[in-house]
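The values are calculated or read from the model by the stated rules, or taken from the named source; none is laboratory data. Keep in mind it's a predicted model, so treat the numbers as computed, not measured. Because the Cβ atoms are built from the backbone with ideal geometry, glycine has one as well, and the counts that use them run over all protein chains shown. Surface areas here come from the heavy atoms of the whole protein model, side chains and all, with no ligands, DNA or RNA. Shrake-Rupley method; radii C 1.70, N 1.55, O 1.52, S 1.80 Å.
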Amino acid sequence: MLDLRAPLRRGFDRVERGLDLLFGPDWNPLSNLGPLGWFLFWIVAVTGIYLFIFFDTGVVQAYASVEWLTNDHWFHAGLARSFHRYASDLMVLVMLVHLVREFVKDRYRGRRWFSWVTGVPVLWFVYLSGITGYWLVWDELAQYIALTSTELLDALPIFAEPIARNFLSPEKLSSRFFTLMVFLHIAIPLLLLLMMWIHIQRISQARTKPARGLAVLTLAGLTGASFLMPATSQGPADLATVPATLGIDWFLLSLFPVIEVTPPGVIWTGVLVFTLLLIGLPWLPARREIAAAEVFLDHCNGCARCVADCPYSAITLMPRSDGAPFAQEVEVNPARCVACGICMGSCPSSTPFRRSDNLVTGIDLPDFSLADLRAQAIAAAKTLSGPGRVLTLACSHGAGGRAEEGRLLLPCVAMAPPSLLDFIISRGLADGVCVTGCAERECWNRLGGDWMRQRIARTRDPFLRDRVPRERLLVLWTGPSEGRRLKRETADFAKRIAAMPPYEKVRQLDEGEASTDKSRSDRQEVAR
Ligand code: HEM
Ligand code: SF4
Ligand code: SF4
């Protein structure tokens, strides 16, 4: 399964990197699909509320009121109608690409199952909202949808009387039934909103707003489409006749031509099997995850940095329980922890400079501890030779995801505490360090790339110390399709390093050789 997805993953990545060139990483639509979905939802909600001011909910008056707002009031209500339609269409597209992208990138299995499973009802609610919306126009298309969907519903043993009967003749269609459809077109989007909110509950700092520039571009696109192809109705519904030719909205209604020619039993079985398959996908096969992070209270001062940095809301702040002179401690929820190691990289106790053989930190991964990380860095450094020795710390989901000599594979680059970079350079393990994570705005663990960038720029704790020579550091954000770029840029970096004068090892602070003010503050930083 993973092998089958690898070419797809690279294909996606290629398109995304192309869009990076066009839009820049921040405005890249493919890395903003979730936020775009939210943005489109609000556009649909606001324009929908506006349309309701002009809409008449009676079965006879509905068509006339839609015609009136479309033609007589095209410059505001008609425009709102076009926005409502095209934003709904775009929401379907955005949602489907988002679904495929999360699948291809394998970000839905193991302890990350929650967003996927809660996305399944979101998918159906989006379609149902669109279908009930088209119904309200009460034109020929609405008539076709009404008849096809009620016939499908009648195949289920739910209603005592077949509801398709309502559409046999004009006299049979009551305004009450029509009002029920209006109610559904309000209730289903509200349920959708609730599900969208649940969908992001197990991730922290979920992005629900696209970058401003992308939002403006989206609005401009919708405005352009609304002026060029204003949304219109088809002929008025007439239950005495069968509409001959219909224009279909292929985003929201593409299933209808299939429903028309397929027995209802087959459709319902298909819907059920597809939904169950989609829900079960995170366990087909289940991801083998390494053990969840573990807290060591003896090394935790309750600073809450790990709580702020965990991308999966897996760490909670609790009142101190061990009598230590701190107000708080932290607890990890193993059901949510994906073992990305980001918390380990953010803990002030995570410093490889500590002398203890038994290197323990405040929060550690049992299967890939800070001690393992230090030992692996030392071992990987020993494989390097010649001038310009570069040790690479690579995220296993980016371009550097394959094991190589002189490369340390991490579940996320932000697992490495900044003091590890200092340790490698100041202890002379290598002449330079390359840190390579997923492409910008594409962190497989959502926030790791941002945290690492900010730690290096000294805007987020724990800071990379000033004494680390930045010219000996290469930070590269590369997607899985950018293996060649990574190779080229690391080779150039190694050449630059080789041309530099040998780095004078920073004197060992813990041996008490340094005595300037600068090193005193450095020492405090190490001790923190
Ligand atoms: C219009 C509908 C949808 C909206 C607005 C939406 C929105 C979002 C948002 C805002 C995020 C968080 C992005 C971030 O900050 O990292 C997200 C993540 C995700 N969504 Fe959706 N989503 C929608 C539909 C779906 C569907 C249909 C599925 C799949 C069945 C799905 C699966 C996922 C997954 C797997 C994640 C990643 C969670 C993680 O990183 O662990 N979403 N979505
Ligand atoms: S390893 Fe740490 S940061 Fe990552 S999910 Fe687990 S608790 Fe959160
Ligand atoms: S970052 Fe470390 S010291 Fe701070 S609360 Fe988390 S485990 Fe404790």
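Please get the size of the charge dipole for the chain, origin at its Cα centre, with Cβ charges of +1 on Lys and Arg and -1 on Asp and Glu, quoted in debye to the nearest 20.
On the way: 55 positive and 51 negative charges, 398 e Å.
In total the dipole reaches around 1900 debye.
How far is helix 2-23 tilted off the main Cα axis of the chain, in degrees rounded to 10, range 0 to 90?
90 degrees
Among 90-101, 320-331, 142-153, how do they line up from the highest to the lowest mean number of other beta-carbon atoms within 10 Å? Show your work: numbers first, answer last.
Details: 90-101: 18.4, 320-331: 12.9, 142-153: 20.1.
Per-residue mean Cβ counts within 10 Å order the peptides as 142-153, 90-101, 320-331.
Place +1 on the Cβ of every Lys and Arg and -1 on the Cβ of every Asp and Glu in the chain, take the dipole about the Cα centre, and give the residue among 113, 380, 52 whose Cα lies farthest towards its positive end.
Final value for the positive-end residue is 380.
Just need the relative contact order of the chain here, percent rounded to a whole number, with Cα pairs under 8 Å and 6+ apart.
On the way: 784 pairs, mean separation 68.1, N = 528.
Relative contact order for the chain comes out at 13 percent.
Enter the angle in degrees (range 0 to 90, nearest 10) between the Cα long axis of helix 140-154 and the first principal axis of the Cα atoms of the chain, meaning the one along which they spread out most.
Roughly 80 degrees between the two axes.
For the residue pair residue 241 and residue 57, what label-to-label distance in nm results when each label sits 7 Å from Cα along the Cα-to-beta-carbon direction?
3.0 nm
What ratio of Cα Rg to 2.2 N^0.38 Å holds for the chain?
Working: Rg = 28.9 Å, N = 528, 2.2 N^0.38 = 23.8 Å.
In units of the 2.2 N^0.38 Å rule of thumb, it is 1.21.
Determine the gain in length on full extension of the stretch residue 234-residue 68; use 0.36 nm per residue of separation and subtract their C-alpha separation, reporting nm with one decimal. Don't jump to the answer; show the numbers that get you there.
Working: separation 166, 0.36 × 166 = 59.76 nm, distance 1.37 nm.
Going from the current span to full extension adds 58.4 nm.
I'd like to know which of 100, 183, 76 lies farthest towards the positive end of the charge dipole of the chain, counting +1 on Cβ of Lys and Arg and -1 on Cβ of Asp and Glu.
100
Within straight cross-link reach of residue 209, meaning Cα distance under 13 Å, which aspartates and glutamates are found once same-chain residues fewer than 8 apart are removed?
Cα-Cα hits under 13 Å: 26.
As a test of the formula, what do you get for the chain when each DSSP H run with n ≥ 4 contributes -39,500 (n - 2.57) and the sum is divided by the residue count, at 222 nm and rounded to the nearest 500 deg cm²/dmol? Don't skip to the answer; put the middle values down first.
Details: 17 runs with 254 residues, N = 528.
Taken over the chain, the calculation gives -15500 deg cm²/dmol.
Using a 1.4 Å probe on the protein heavy atoms, what percent of the accessible area of the chain belongs to carbon and sulfur? Before the final figure, lay out the partial values.
Numbers: 15940 of 25270 Å².
Heavy-atom surface of the chain belonging to carbon and sulfur, 1.4 Å probe: 63 percent.
By average Cβ neighbour count within 10 Å, what is the ranking of 339-346, 258-265, 376-383, 60-67 from highest down? Intermediate values should be presented prior to the final figure.
Working: 339-346: 27.9, 258-265: 11.8, 376-383: 15.6, 60-67: 18.1.
Output ranking for 339-346, 258-265, 376-383, 60-67: 339-346, 60-67, 376-383, 258-265.
Could the peptides 293-301, 458-466, 412-420 be put in order, highest first, of the mean number of other beta-carbon atoms found within 10 Å of their residues? Numbers along the way, then the final one.
Numbers: 293-301: 17.6, 458-466: 16.0, 412-420: 26.9.
Ranked by mean Cβ neighbours within 10 Å, highest first: 412-420, 293-301, 458-466.
Work out the FRET efficiency for residue 193 and residue 19 from their Cβ-Cβ distance, taking R0 = 30 Å, and round it to the nearest 0.05.
Efficiency at R0 = 30 Å is approximately 0.60.
Over region 95-203, average the accessible area per residue using a 1.4 Å probe and give it in Å², no decimals.
Values: 4840 Å² over 109 residues.
Computed with neighbouring chains in place, this is 44 Å² per residue.
What fraction of the DSSP beta bridges in the chain is antiparallel, stated in percent and rounded to the nearest 5? Before the final figure, lay out each step's value.
Details: 8 of 22 bridges.
In the chain, DSSP labels about 35 percent of beta bridges as antiparallel.
Hey, if you put +1 on the Cβ of every Lys and Arg and -1 on every Asp and Glu Cβ in the chain, which of 401, 283, 304 ends up farthest toward the positive end of that dipole?
Result: 401.
For residue 330, what residues show an amide H to amide H distance below 5 Å, using hydrogens built from the backbone and excluding near sequence neighbours?
318
Could you derive backbone 3J(HN,Hα) for region 450-456 from the dihedral phi with the Karplus parameters 6.51, -1.76 and 1.60 (θ = phi - 60°), listing whole Hz in sequence and x where the residue is Gly or Pro?
4, 5, 5, 4, 6, 5, 5
If the only charges are +1 at each Lys and Arg Cβ and -1 at each Asp and Glu Cβ, what is the size of the charge dipole of region 315-372 around the Cα centre, to the nearest 20 debye? Write out the running numbers ahead of the final one.
Working: 4 positive and 7 negative charges, 34 e Å.
So the dipole magnitude of region 315-372 works out to roughly 160 debye.
Quick one: helix 370-382 against the long Cα principal axis of the chain, what's the angle to the nearest 10°, folded into 0 to 90?
Compared with the principal axis, the helix lies near 70 degrees.
What is the magnitude of the charge dipole of region 405-492 about its Cα centre, with +1 placed on the Cβ of each Lys and Arg, -1 on the Cβ of each Asp and Glu, and no other charges, expressed in debye to the nearest 20? Could you put the intermediate results ahead of the total?
Details: 16 positive and 12 negative charges, 18 e Å.
About 80 debye.
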